[in-house]
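Worksheet: one structure, shown below.
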Amino acid sequence: MTVDLAVHNCTVVTPAGRTPDAGVAVEDGTIVAVGRSDRLPDADRVLDGDGNVLVPGIVDCHIHNREPGLEYKEDWESATRAAAAGGVTTVVGMPNTDPVIDRPEHLELKFERGEDSAHVDFQSYVVVTSENLELIPDLDEAGALGYKIFLGSTVGDVPPPNDGEIIEAMEAIRETGKRLGFHEENGEIIDHYTERFQAEGRNDPIDHSHSRPVIAEREAVERMITFAEETGAKIHMYHVSSGSAAEAVARGKDRGVDVTAETTPHYLWFTEEVMREKGNPARIQPPIRNAEERETLWAVGMDGGAIDCIATDHAPHTPEEKMVDDPFGNTWDAISGFVGLETEIPVMLSFVADGRLTLEEWVRRHSARPAQVWGMYPQKGSLQVGTDADFTIVDSDREWTLESADELHSKNCVTPFVGESFTGKALTTVVRGEVVYADGEVVGESGHGTRVDVDGD
Ligand code: DOR
Ligand code: ZN
């Protein structure tokens, strides 16, 4: 039998272990064999992996693709172009667009736009507010991956439901079998400090960080875990930034609550000193924490297992919105968020090179686990025969420095990772058997990406 594509001469790494001199074979966009290169079937096209590492496609379950409505920042085409170039084969878009994704029609619009232009596969969350609680079953029917509530004010100003409504939302979402994720910052605490700091004239970028203290995050995690314990809902904590919040997640898991959590490369890499060094371009919500919190995030979150997934919170804004020309100007005039799709693999592989985590643990948190948490596994996040042929080839030894944001593929590329040096880079990205990125170029066709069907319809 001759198949469409075979990749030879890689070290294949999955959470279960690694196989040298190996590769994969693909037919009709599906994996048909994984194993030693010399035992793979003949193929019409053979790629030589050159001894590099091949992993199941990276799954980033937290990006802001900005479409519909905010295409001046980013759109499905540009976000998924960056994903392809970053070695990411599946992305999940956040609902704080314009309109917000709070009704089936808006979700359908978001899916249609993605079908038209995405380079990699995609899904979307829907937002829950006081206004759409009764639509929870319809949003499930419309094919949403999961639900999101913004507990504290952030970009898009989507107001949270009150605590009673959140409990009712959890009960309704439990019936769908899907998961509810949170932007977990206590709104009253952050609003209080924001107003107080502004009244006191505290305007530095680090003041923005301190206006959103760790207790705001920890309290929100603990309150949602308590509600989930009561309702039996499956919940998720997006972008856990502090060790204290990771400890709260660990306590919830110990109590048997179905709580999962993600952190991002920037919370593991930087400390809040980055606000003094780089200023407003590094502004993000929740903020980057001090060294002690980062060490606990590593110890409890990564080494201890409280953190399930790595995701970027890729959040593009224009250089003007990020105050790139005035990085230490009045921080209350700057917006929060920065891009991450093309630096997530380099950051995580740099930690591997430093011995802070194994390749297997990296793949588990960056591919298998996010797919499992959000119900896309094994179609996504595995190299099992019969599943989508999504994989990423990385050079785990490549040393390089991100010299300029111009090297990136988003519409707006502001990131505090400019000037940082890495060990590791994505070389080749394959989505359902199509090479979408190779030799430094996005080569796939816009529109190849498709919605990941989580309902089997
Ligand atoms: O910094 C952030 N930016 N935090 C969020 O919660 C939203 C995001 C955005 O949409 O820009
Ligand atoms: Zn986000």
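The Cα atoms of region 123-170 give a gyration tensor whose axes a ≥ b ≥ c have a/c of 1.5 or more with a/b no greater than b/c, which makes the shape oblate. Whole-percent P(r), region 38-91, all Cα pairs, 5 Å bins from 0: 4, 15, 19, 17, 13, 10, 9, 7, 4, 1, 0.
Would you mind pulling out the separation of the Cα centroids of region 60-86 and region 108-144, in Å? Taking the Cα centre of region 108-144 as reference, the centre of region 60-86 is 15 Å away. A simple spin-label model places pseudo-atoms 7 Å from Cα toward Cβ; at Glu273 and Asn330 they are separated by 3.1 nm. Dipole size of the chain about its Cα centre, with +1 on Lys/Arg Cβ and -1 on Asp/Glu Cβ: approximately 1080 debye, rounded to the nearest 20. By the count of other C-beta atoms within 10 Å, a proxy for reagent exposure, Arg451, Arg212 are ordered fewest to most as Arg451, Arg212.
Applying 1/(1 + (r/R0)^6) with r as the Cβ-Cβ distance of Glu105 and Asp28 and R0 = 30 angstrom yields a FRET efficiency of 0.35. Maximal additional length on extending the Val443-Arg398 stretch stands at 14.0 nm, based on 0.36 nm per residue less the C-alpha distance. Counting only residues at least eight positions apart within a chain, or on another chain, the lysines with an alpha carbon under 24 Å from that of Lys278 are Lys73, Lys322, Lys411, Lys425. Dividing the summed helix terms, -39500 (n - 2.57) for each DSSP H run of n ≥ 4, by the number of residues in the chain produces a 222 nm estimate of -8000 deg cm²/dmol to the nearest 500. Here the relative contact order of the chain, from alpha carbon pairs under 8 Å that lie six or more residues apart, stands at 21 percent.
Rg and Dmax of region 57-373, both derived from C-alpha coordinates alone, stand at 18.2, 49 Å.
Calculated FRET efficiency, His192 to Arg356, Cβ-Cβ distance, R0 = 41 Å: about 0.70 to the nearest 0.05.
Backbone phi angles across region 351-361, fed through the Karplus curve with coefficients 6.51, -1.76 and 1.60 (θ = phi - 60°), yield HN-Hα couplings of 5, 4, 4, 7, x, 7, 8, 8, 4, 5, 5 Hz in residue order; Gly and Pro are listed as x.
Bear in mind these aren't lab numbers, they're just calculated from the coordinates by the rules spelled out. Everything numeric in this text was worked out from a predicted model, so none of it was measured. All Cβ positions, even for glycine, are placed from backbone atoms using ideal geometry, and neighbour counts span all protein chains on display.
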